[in-house]
Amino acid sequence: MKILVCISKAPDTTSKIAFTDSNTAFDTTGVQFIINPYDEWYALVRGLELKEANGGSVTVLNVGGADNDPTIRKALAIGADSAIRINMEPKDALGVAKQISDYAKENGFDMILCGKETIDYNGSQVGGMIAGYLDQPFISNASKLDMDGNTATIERDIQGGKEVIQVDTPFVLSAAKGMSEPRIPNMRGIMAARSKALVVVEPGAFEDTTEIAEYILPAAKGACRMVSADNPAELLDLLRNEAKII
Amino acid sequence: MASDRFQAPDYYHLDDLLTEEHKLIRDTVREWVKKDVSPIIEDAAQKGEYPIHLNKGIAALGGFGPYIPTEYGGAGLDQISYGLIMQEFERGDSGLRSAASVQSSLVMYPIYNYGNEAQRMKYLPKLASGDWVGSFGLTEPDHGSNPSGMITNYKDMGDHYLLNGAKMWITNSPICDVAVVWAKNEEGRIHGLVVERGMEGFTTPETHGKWSLRASRTGELVFDNVKVPKENLLPNKSGLGAPLGCLDSARYGIAWGVIGAAMDCYDSALRYAQERIQFGKPIAAFQLTQKKLAEMITEITKAQLLTYRLGQLKNEGRATTQQISMAKRNNVDMALNIAREARQIHGGMGIIGEYPIMRHMMNLESVITYEGTHDIHLLITGMDVTGHSAFKG
């Protein structure tokens, strides 16, 4: 079973968010990057579990510059067999999906797994777009994936319950919580990652279809006013006359 | 304990000096400590229990014998990686670091360096996997700073050795499966013997009532006419230099480890100082708090630079016993002072288990004494620079 796992990098959740270039670019100064947790914890780990149970290989793929290599090495340390980096700065979901699908078309995979979204841009678009380019089924937001031969049984959490889907390979899937338990790499994995292939592939031609006009930070949180517990009248007064919500 | 919000200080961008592997190793251990250690360690310390289930996690990470070659079950890492692992373990708790440090440097190190191939194959894989717990017997009730005066001894009985004596202050003694024990032969020369649990006459009474390293088991190793098979003698090094070689490795790990405890105290104090409001502003805005925090980050940064350079020397095989003494002494003292100052910043909150401060502080009172006391390390430096020994008879 040949599995491709798409991994994106995302700022660590403790990072301070700021912008440069007249608020059109994310300021990466001092930002720690991690593998997007949905990609790592669910897509990658489930891919590895399927490989361990059924044989095959797991390739991780990232679209990005050379500064992403440490992030990719972590995926190799966790257990991926090899890694591909398509050497371009990602601009938007369509461009990333085009590069990934071109690579997948050439190399042929039984399944392509990605996280349900990245925790920075939260677009949830790339998986569906890859499936569109490849003309393959796309199952989004999956919380369970089991294989029996070439047939996958997949569960999705839906409003008020679950949806169970069966689909034959090849397919594209975006993974959500519940798919697997996060794995921490061990020292041997880290040392083994050193000798695994991280192949850099140049991107194919693609014309950007979108551009960032502006990023805007959310309004700062207002100051917190403390009201003494034995003075409910003051609280009511503030809610009625100052906040004007009652 | 409240959720672990630890963020490591790196004031001089020391990360730039580390390789990608170093950082991945450190961050991996840090993540594990946050996930598996921080939620349970305070309770374990309060109850005076070593959370032995963590041994499987330590082993899975490669924390037992990080620098032992992979063919013996180790992780085959360099000395800076070993240091970083110890730093992250001790950020969790000195007891956890002690367990990893004893197993790695005081048990696996002598078996690997002074043992023969059969001994390596018999013991190292099981110690690396955490299936076996090891302990190290050098200190005796009447011989702490002066180990060469030890009275534990063995006699050659032809087909075995007969071991008698007692060791004290032994980390993991009550739970150890094997102990590397230092004893004198009939000529008075010190040799290492591997003593296994179950050998007749070998007992490991526990030391109770500790106010320090509470999440770690401590006890004695007592040998009453223990018959030790001859193949259990470590053949490749003897004399006091043999156990001191192990201590060099362990002290090096301590020099890194205590930075972790100091970072945890600093991080907690910095956060608390910014959140605690008195007189209408955060206490971080007051000069006396800033003095404490500024001195803490300065001392942590100096200690980080010291250990990084020592790690380079160790990787090149050039670190001397005296250089390691200086780092152990300086860094433990630094960490203990930071724990005390951090306790002040936390006010009353500093004495309760919701914050890690008091636990680290009490742990460090052991660390400043074990593996060479604060004063003896000073005299080692003194002897090194003057050529005169102030502690040998």
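Descriptive notes on the structure:
- Subset of the range A:169-188 (residues that are within 14 Å of chain B (Cβ to nearest Cβ) and of a type in the set (S, T, N, Q)): A:Asn186
- Exactly one residue out of B:Lys281, B:Lys230, B:Lys210, B:Lys237 is free of Cβ contacts under 8 Å to residues at least 60 places away in the same chain, surrounded by fewer than 20 Cβ atoms within 10 Å (Cβ to Cβ) and basic (Lys, Arg), and it is B:Lys281.
- Test: residue in the range B:318-326 that is surrounded by 17 or more Cβ atoms within 10 Å (Cβ to Cβ), farther than 24 Å from B:Phe136 by Cα and in contact with a helix residue (DSSP H, G or I) (Cβ under 7 Å, 6 or more places away or on another chain): no
- One residue from B:Arg217, B:Arg120, B:Arg189, B:Arg197 being out of contact with any Leu (no Cβ under 7 Å at 6 or more places or on another chain), among the basic types (Lys, Arg), farther than 30 Å from A:Arg188 by Cβ and modelled with pLDDT of 95 or more: B:Arg189
- Residue that is farthest from B:Asp267 (Cα to Cα) [pool: residues in the range B:7-18 that are touching a Lys or Arg at 6+ places or on another chain (Cβ under 9 Å) and more than 10 Å from every other protein chain (Cβ to nearest Cβ)]: B:Leu18
- Any hit, the range B:285-296, residues being of a type outside the set (Gly, Ala, Ser) and under 19 Å from B:Gln87 (Cα atoms): yes
- Condition met for B:Ala261 (in contact with a helix residue (DSSP H, G or I) (Cβ under 8 Å, 6 or more places away or on another chain) and either closer than 30 Å to B:Arg343 by Cβ or among the aliphatic types (A, V, I, L, M) (or both)): yes
- Taking the range B:19-35 as the range and being out of contact with any helix residue (DSSP H, G or I) (no Cβ under 7 Å at 6 or more places or on another chain), more than 9 Å from every other protein chain (Cβ to nearest Cβ) and either modelled with pLDDT of 95 or more or under 18 Å from B:Ile259 (Cβ atoms) (or both) as the test, only B:Lys34 passes.
- A count restricted to the range B:301-352 and to residues that are without any contact (Cβ under 8 Å) to a residue 40 or more places away in the chain, touching a Phe, Trp or Tyr at 6+ places or on another chain (Cβ under 9 Å) and not in a helix (DSSP H, G or I) stands at 0.
- Scanning the range B:123-145 for residues that are touching a helix residue (DSSP H, G or I) at 6+ places or on another chain (Cβ under 9 Å) and part of a helix (DSSP H, G or I) gives B:Tyr123, B:Leu124, B:Pro125, B:Leu127, B:Ala128.
- Of the residues screened, A:Ala193 is one that is under 30 Å from A:Asp27 (Cβ atoms), of a type in the set (Gly, Ala, Ser) and within 14 Å of another protein chain (Cβ to nearest Cβ).
- Among the residues listed as B:Ser129, B:Ser98, B:Ser104, B:Ser135, the single one being surrounded by fewer than 24 Cβ atoms within 10 Å (Cβ to Cβ) and of a type in the set (S, T, N, Q): B:Ser129
- Residue within the range A:153-164 that is surrounded by fewer than 16 Cβ atoms within 10 Å (Cβ to Cβ) and within 30 Å of A:Glu106 (Cβ to Cβ) present: yes
- The criterion of at least 1 residues that are more than 10 Å from chain A (Cβ to nearest Cβ), within 25 Å of B:Asp264 (Cα to Cα) and not hydrophobic (A, V, I, L, M, F, W, C) is met by the following helices (runs of 4 or more DSSP H) wholly inside the range B:63-116: B:79-92, B:94-101.
- Residue in the range A:54-63 that is hydroxyl-bearing (Ser, Thr, Tyr), within 30 Å of B:Ala75 (Cα to Cα) and either surrounded by fewer than 16 Cβ atoms within 10 Å (Cβ to Cβ) or touching a Pro at 6+ places or on another chain (Cβ under 7 Å) (or both) present: yes
- Lone unmet requirement of (1) in contact with a Phe, Trp or Tyr (Cβ under 9 Å, 6 or more places away or on another chain); (2) of a type in the set (A, V, I, L, M); (3) exposed (fewer than 15 other Cβ atoms within 10 Å of the Cβ) for B:Ile52: (1)
Residue-wise test of (1) within 14 Å of chain B (Cβ to nearest Cβ); (2) within 28 Å of A:Thr151 (Cα to Cα).
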position	(1), (2)
A:Thr28	no, no
A:Asp39	no, yes
A:Asp69	yes, no
A:Pro90	no, no
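- Leading residue by the ranking (nearest to A:Ile119 (Cα to Cα)) among those in the range A:165-195 that are surrounded by fewer than 17 Cβ atoms within 10 Å (Cβ to Cβ) and among the small types (Gly, Ala, Ser): A:Gly178
- Members of the range B:367-393 that are out of contact with any Leu (no Cβ under 8 Å at 6 or more places or on another chain) and at positive phi: B:Gly387
- Each residue in the range A:91-111 was checked for being part of a loop (DSSP other than H, G, I, E, B) and surrounded by fewer than 21 Cβ atoms within 10 Å (Cβ to Cβ), and 4 pass.
- Any hit, the range B:38-50, residues being part of a helix (DSSP H, G or I) and within 14 Å of chain A (Cβ to nearest Cβ): no
- The test for being modelled with pLDDT of 95 or more, in a helix (DSSP H, G or I), under 18 Å from the mean Cα position of the chain (by Cα) and aliphatic (A, V, I, L, M) does not hold for A:Ile3.
The rows are residues; the columns are (1) of a type in the set (Ser, Thr, Tyr); (2) closer than 25 Å to A:Ala205 by Cβ; (3) modelled with pLDDT of 95 or more; (4) surrounded by 12 or more Cβ atoms within 10 Å (Cβ to Cβ).
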| residue | (1), (2), (3), (4) |
| --- | --- |
| A:Tyr121 | yes, yes, no, yes |
| A:Met129 | no, yes, yes, yes |
| A:Ser140 | yes, no, yes, yes |
| A:Lys144 | no, no, yes, yes |
| A:Thr151 | yes, no, yes, no |
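- Here is the figure for the range B:1-54: residues that are among the polar types (S, T, N, Q) and closer than 30 Å to B:Gly209 by Cα total 3.
The values are calculated or read from the model by the stated rules, or taken from the named source; none is laboratory data. Please read all numbers here as calculations on a predicted model, not as lab measurements. Glycine gets a Cβ as well: all are built from the backbone with ideal geometry, and neighbour counts include every protein chain shown.
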